[in-house]
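The values are calculated or read from the model by the stated rules, or taken from the named source; none is laboratory data. Values in this document were obtained by computation on a predicted structure and should not be read as measured data. Here Cβ is always computed from backbone atoms with ideal geometry, including for glycine, and neighbour counts include all displayed protein chains. Side chains are part of the model used for accessible areas, which takes the heavy atoms of the whole protein and leaves out ligands, DNA and RNA. Shrake-Rupley method; radii C 1.70, N 1.55, O 1.52, S 1.80 Å.
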Amino acid sequence: MMIIMRASASREEVENVISRIKSLELDAHLSDGAERTVIGVVGDGRPVEVSHFVRLPGVDSVVPISKPYKLASREFYPENSLVPIGEHLVGNGSRVIIGGPCAVENREQILESALAVKDAGAQALRGGAFKPRTSPYSFQGMGEEGLKLLAEARDLTGLPIVTEVTSPELVGLVADYADVLQIGARNMQNYALLKAVGLSKRTVLLKRGMSATINDFLMAAEYILSKGNKNIILCERGIRTFETATRNTTDINAIPVLKILTHLPVILDPSHSTGDWRLVSALARAGIAAGADGLIVEVHPDPVNALSDGAQSLKPKRFTELVKEANAIADVLKSANIPTTPRQ
Ligand code: PEP
Ligand code: MN
């Protein structure tokens with residue numbers, strides 16, 4: 001349930017409500033909105049009596065949250081969350097374009113990619129150091145060596161780093177180097193990993209599992225939120241369908257659906273959702289037009305010789321065009337006053 005405090009409620013009144021919640025062995029999650037404070041009450045599923053809270057000083061109303069995900073729901077936080085990627089804030093009309101190779105392969109490759117991504121006008125650099133591959137015989141990433149090269153690329157360009165973390169034991173190490181911890185599609189329901197990044201201070205880029213429903217996706221975000229980390233960006237990266245013409249099927253629907261259901265920013269990965277570099281720009285434009293808060297795109301200086309995902313990677317020149325096109329669509333939305341969250 002949500003306890004909505006009066007606009008005039010004092011700090012003591014808020015604290016008093018929180019102590020009452022804790023005395024009932026429930027968790028309290030504070031959301032300090034621009035207008036008023038809302039306290040989310042989360043328990044283990046036992047029914048909680050409204051009467052515990054309605055009469056407490058400073059309480060305006062007590063409302064149940066109907067969704068199974070509480071902290072991720074728009075009911076709990078009606079505004080759009082703003083989430084940092086380095087100095088840049090994502091959400092509420094402020095977009096991010098993240099570019100870079102699927103995997104860090106060597107020093108020259110990542111530094112060249114970083115400079116190209118920066119020159120193209122993107123705001124962050126991606127690159128996997130720990131790669132969860134479908135085959136155990138495929139390139140598994142450079143590990144910590146790759147993280148060091150990413151840190152060098154950040155020093156060179158000033159771009160914040162987005163990189164994947166594949167197991168709970170690695171969260172501390174990856175967080176020492178990265179600005180954003182990516183949770184890959186294959187790990188979206190790795191609950192131990194979700195809890196571990198929930199305890200981290202780093203922003204989390206949570207990718208949708210390839211067979212996950214929107215509900216599963218938001219429950220995964222809830223795991224992270226329930227551990228205290230509010231900085232989550234959701235990423236639609238295509239789902240498995242009966243269609244075999246493309247690697248995955250871009251679920252464009254997911255963007256406005258998520259915007260209705262959650263306050264968290266939503267970005268699109270047009271690379272994994274199509275698997276084909278020729279389709280990437282079209283889907284990138286569609287994503288922005290549908291209201292995405294940004295894009296994450298695979299870019300490689302020499303896609304033919306890439307150690308992973310070369311077929312879907314853009315050369316720097318194409319990526320530069322994509323950034324221009326995405327910005328042009330975003331400008332149209334803005335000048336025509338078209339909201340990125342569906343009107344309801
Ligand atoms: C990636 O970003 O390179 C990746 C492995 O993505 P996904 O987890 O969406 O497959
Ligand atoms: Mn990839």
Sorting LEU199, SER226, CYS102 by the position of each Cα along the dipole of the chain (Lys, Arg +1; Asp, Glu -1; all at Cβ), the one nearest the positive end of that ordering is SER226
Could you rank ARG107, ARG20, ARG55, ARG237 by how accessible they are, 1.4 Å probe, largest area first?
-> ARG55, ARG107, ARG20, ARG237
In the stretch 200-344, if every C-alpha pair distance is counted and binned at 10 Å from zero, what percent goes to each bin?
-> 12, 38, 35, 14, 0
May I ask which of LYS259/LYS315; LYS22/LYS259; LYS259/LYS334; LYS22/LYS230; LYS227/LYS334 have a Cα-Cα span longer than 27 Å here?
-> LYS259/LYS315; LYS22/LYS259; LYS227/LYS334
When DSSP beta bridges are limited to those with both residues in the chain, what percentage is antiparallel, rounded to the nearest 5?
-> 40 percent
At a probe radius of 1.4 Å, what is the per-residue accessible area of THR250, in Å² to the nearest 10?
-> 30 Å²
Crossing angle, helix 277-289 versus the chain [Cα axis fit, 0-90 degrees, rounded to tens] | 30 degrees
So what J values fall out for the stretch 215-225 if you push phi through Karplus, 6.51 cos²θ - 1.76 cosθ + 1.60 with θ = phi - 60°, rounded to Hz, Gly and Pro as x?
-> 5, 4, 4, 6, 5, 5, 4, 4, 4, 5, 4
Taking a probe of 1.4 Å, how large is the accessible area per residue of the stretch 197-308, in Å²?
-> 35 Å²
With each run of n ≥ 4 DSSP H residues scored as -39500 (n - 2.57), what mean residue ellipticity at 222 nm is computed for the chain after dividing by its residue count and rounding to the nearest 500 deg cm²/dmol?
-> -10000 deg cm²/dmol
Could you give the nm distance between label points at LYS227 and GLN344, where each point is 7 Å from its Cα heading toward the beta carbon?
-> 2.9 nm
Please identify every one of the GluC sites (Glu not before Pro) in the stretch 68-99 that sits in a loop by DSSP and has no more than 10 other beta carbons within 10 Å of its own beta carbon.
-> GLU87
Which trypsin sites (Lys or Arg not before Pro) does the stretch 247-336 hold that lie in a coil by DSSP with at most 14 other beta carbons within 10 Å?
-> none
Taking amide H positions as placed in the peptide plane 1.01 Å from N, state which residues far from ILE97 in sequence (5 or more) or on other chains have amide H under 5 Å from it.
-> GLN123, ALA124, LEU295
How big is the chain by Rg and Dmax over its Cα atoms, in Å?
-> 20.8, 67
Carbon and sulfur atoms account, in whole percent of the 1.4 Å probe accessible area of the chain, for 51 percent
Please get the size of the charge dipole for the chain, origin at its Cα centre, with Cβ charges of +1 on Lys and Arg and -1 on Asp and Glu, quoted in debye to the nearest 20.
-> 540 debye
Just subtract the alpha-carbon distance of VAL50 and SER135 from 0.36 nm times their residue separation and send over the number in nm, one decimal.
-> 25.4 nm
